[in-house]
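Trainee: Starting off with a structure, shown below.
The values are calculated or read from the model by the stated rules, or taken from the named source; none is laboratory data. Bear in mind the structure is a predicted one, so any value in this text is a computation, not a measurement. Reconstructed Cβ throughout: ideal geometry from the backbone, glycine too, with neighbour counts over all protein chains shown.
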């Protein structure tokens, strides 16, 4: 496993919050080894710090938010996803409002800024969370299943996502599978944008959210497909779901090694999986010794996983 990473220099980006529409300036600063990722509200006095950790998650609809006392940070998933995709472990994210900028609804503004700052390795090893046993969380017909890597020497995370809005819905059924590397992330996940159905967009507007957004800012699906915009990928919605999932998984505070199979999961279920992984990691650290990873029981996994693509590829 390679060493930890941060950025080589400071970089700034600005925009408007996805839900609030508030203008915001974000400054990304290098973080020291073992410090993790922190958000800093510079508009508060004194500046309030909030760690990007699962214990700081604040319940919100359709997004991931963090809170530490009175300091709230809204819609953190895209920024954290970019960090996870590029393998950044330590970073300080300063912002002068309560919500991060949405850009075009993808992670490109963050990946471009991080690349502009430069990515540098630090003199400290990464400490990954290696999935050693099957872990499944379910909510209705949504589920997430974490399983060990096929190769015990693997250092990567593989994610499969199945999204199904139904045959008569313009989004329909989509599935996507990816091994998360920096190259794969930047080419195949970072450009995938936030999406909503037209009726959902109207509900958000009626609630006073996203009033500044246009069809150029997010993908809005009407009955005949995307309205006044073009898809970047035929399965862009499924890819964006993986993008969001990676941002939520970053709240574990460790890179994950293994495989995750997702079906119709959203932020709330993603958080449940991270909490379960955190509990297992904490228990493993308290154990007196580990005898090594258990053998993978393929037949047991096949009984748990749905028998359809991409889940059928589990033993390939």
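Trainee: Hey, could you check segment 54-66 for residues that are over 21 Å from residue 189 (Cα atoms) and touching a helix residue (DSSP H, G or I) at 6+ places or on another chain (Cβ under 6 Å) and say which is surrounded by the fewest Cβ atoms within 10 Å (Cβ to Cβ)?
Mentor: Out of the qualifying residues, it is 57.
One line per residue, one yes/no per condition, for (1) surrounded by 20 or more Cβ atoms within 10 Å (Cβ to Cβ); (2) modelled with pLDDT of 95 or more; (3) not assigned by TED's automatic domain parsing to the domain that holds residue 262:
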{"residue": "140", "(1), (2), (3)": "no, yes, no"}
{"residue": "143", "(1), (2), (3)": "yes, yes, no"}
{"residue": "146", "(1), (2), (3)": "yes, yes, no"}
{"residue": "166", "(1), (2), (3)": "no, no, no"}
{"residue": "170", "(1), (2), (3)": "no, no, no"}
{"residue": "182", "(1), (2), (3)": "no, yes, no"}
{"residue": "198", "(1), (2), (3)": "no, no, yes"}
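Trainee: Among (1) surrounded by fewer than 21 Cβ atoms within 10 Å (Cβ to Cβ); (2) in contact (Cβ under 8 Å) with a residue 12 or more places away in the chain; (3) in a helix (DSSP H, G or I), where does residue 239 come up short?
Mentor: (1)
Trainee: Next question, about the same structure. Among (1) more than 26 Å from residue 61 (Cα to Cα); (2) touching a helix residue (DSSP H, G or I) at 6+ places or on another chain (Cβ under 6 Å); (3) outside any helix (DSSP H, G or I); (4) assigned by TED's automatic domain parsing to the domain that holds residue 78, where does residue 178 come up short?
Mentor: (4)
Trainee: Which one of these does residue 42 not meet: (1) at pLDDT 95 or above; (2) in contact with a helix residue (DSSP H, G or I) (Cβ under 7 Å, 6 or more places away or on another chain)?
Mentor: (2)
Trainee: Among the residues that make up segment 200-217, is at least one of them in contact with a strand residue (DSSP E or B) (Cβ under 7 Å, 6 or more places away or on another chain), assigned to a helix (DSSP H, G or I) and not assigned by TED's automatic domain parsing to the domain that holds residue 34?
Mentor: yes
Trainee: Taking segment 247-268, which residues are surrounded by fewer than 21 Cβ atoms within 10 Å (Cβ to Cβ) and assigned to a helix (DSSP H, G or I)?
Mentor: 252, 267, 268
Trainee: Considering only strands (runs of 3 or more DSSP E) fully contained in segment 69-125, which possess at least 1 residues that are touching a residue at least 12 places away in the same chain (Cβ under 8 Å), under 19 Å from the mean Cα position of the chain (by Cα) and surrounded by fewer than 24 Cβ atoms within 10 Å (Cβ to Cβ)?
Mentor: Result: 71-73, 91-95.
Trainee: Evaluate the following for residue 119: is it at pLDDT 95 or above, touching a strand residue (DSSP E or B) at 6+ places or on another chain (Cβ under 6 Å) and assigned by TED's automatic domain parsing to the domain that holds residue 240?
Mentor: Against the criterion (at pLDDT 95 or above, touching a strand residue (DSSP E or B) at 6+ places or on another chain (Cβ under 6 Å) and assigned by TED's automatic domain parsing to the domain that holds residue 240), residue 119 does not qualify.
Trainee: Inspect segment 155-162 for any residue being outside the structural domain of residue 35 (by TED's automatic domain parsing), surrounded by 13 or more Cβ atoms within 10 Å (Cβ to Cβ) and more than 20 Å from the chain's Cα centre (by Cα) and give the result as yes or no.
Mentor: Taking every residue of segment 155-162 in turn, none turns out to be outside the structural domain of residue 35 (by TED's automatic domain parsing), surrounded by 13 or more Cβ atoms within 10 Å (Cβ to Cβ) and more than 20 Å from the chain's Cα centre (by Cα).
Trainee: Quick check, is residue 213 over 29 Å from residue 272 (Cα atoms), surrounded by 14 or more Cβ atoms within 10 Å (Cβ to Cβ) and at pLDDT below 95?
Mentor: Taking the combined requirement at face value, the residue satisfies it.
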